[in-house]
Amino acid sequence: MTTNSVTVDGRKLATKSQGVDLLSEVYRSHVGDYPKFFKMDLLCKLGFVASELLLQAEGDRHTGCDDRAVVLFNRSASLNDDVRYQETINDENDFYPSPAVFVYTLPNIVTGEIAIRNKYYGETSFFVLDERDEVLMQQLLQSVFDDGYAKSAITGWVECDDSDFFEAYLTIVYND
């Protein structure tokens, strides 16, 4: 999923929108039953919608699972929201820290939303890397499997610079 296209299992979805509107369009046409979506920040919406598209093939998946991890990566953490939050506290004379923005100044909120939605009780982690490094990402994911609890993980890259550039590439990996 990128700012202007959505591909699931190699098949491009027909969409009419781009940017933030694309996320809302895909949510409405393929998910539609999680009202918290509209309170999420851009990074969380991106990760949430991408995970929903990925997981739709699993059928009834909201029954609870303690052996699936959620391990995501990006390079900018929640910088998009950090900047928005900073704007709410810049002016000494108009100082109003926005709790609605502050709650999303941690990138692990997206992993939490995915876990809550799907009733995953395993590990959730969000790693911020200098760049997309597949070898390091695989090593970090393997460390999650090494503890012996996780049998599978939703993992991948969820980057959100701003509404003009975002991308998500997610997959499910099974511990062999």
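The values are calculated or read from the model by the stated rules, or taken from the named source; none is laboratory data. These figures come from a predicted structure and were not determined experimentally. Cβ: placed from backbone, ideal geometry, glycine included. Neighbour counts: every protein chain shown. What goes into the accessible areas is simple: the full protein's heavy atoms, side chains included, and nothing from ligands, DNA or RNA. Shrake-Rupley method; radii C 1.70, N 1.55, O 1.52, S 1.80 Å.
Filter segment 63-99 for residues that are among the hydrophobic types (A, V, I, L, M, F, W, C) and open to solvent by 50 Å² or more (accessible area, probe 1.4 Å); which is farthest from the chain's Cα centre (by Cα)?
95
State whether one or more residues within segment 18-30 are basic (Lys, Arg) and outside any helix (DSSP H, G or I).
There is no residue in segment 18-30 that is basic (Lys, Arg) and outside any helix (DSSP H, G or I).
Within segment 113-135, work out how many residues are open to solvent by 60 Å² or more (accessible area, probe 1.4 Å) and free of Cβ contacts under 8 Å to residues at least 24 places away in the same chain.
3
Just to verify a result, which residue in segment 1-58, among those that are basic (Lys, Arg) and out of contact with any strand residue (DSSP E or B) (no Cβ under 7 Å at 6 or more places or on another chain), is surrounded by the most Cβ atoms within 10 Å (Cβ to Cβ)?
Step by step, filter segment 1-58, then rank; the result is 45.
With respect to the numbered conditions (1) in contact with a Phe, Trp or Tyr (Cβ under 6 Å, 6 or more places away or on another chain); (2) at pLDDT 80 or above, which one is the sole condition not fulfilled by residue 52?
Exception for residue 52: condition (1).
Residue 70 is checked against (1) farther than 17 Å from residue 156 by Cβ; (2) in contact with a Gly (Cβ under 8 Å, 6 or more places away or on another chain) and fails just one. What number does that condition carry?
Only one criterion is unmet by residue 70, namely (1).
Can you find even one residue in segment 72-85 that is without any contact (Cβ under 8 Å) to a residue 60 or more places away in the chain, over 21 Å from residue 2 (Cβ atoms) and not in a helix (DSSP H, G or I)?
Scanning segment 72-85, I find no residue that is without any contact (Cβ under 8 Å) to a residue 60 or more places away in the chain, over 21 Å from residue 2 (Cβ atoms) and not in a helix (DSSP H, G or I), so the answer is no.
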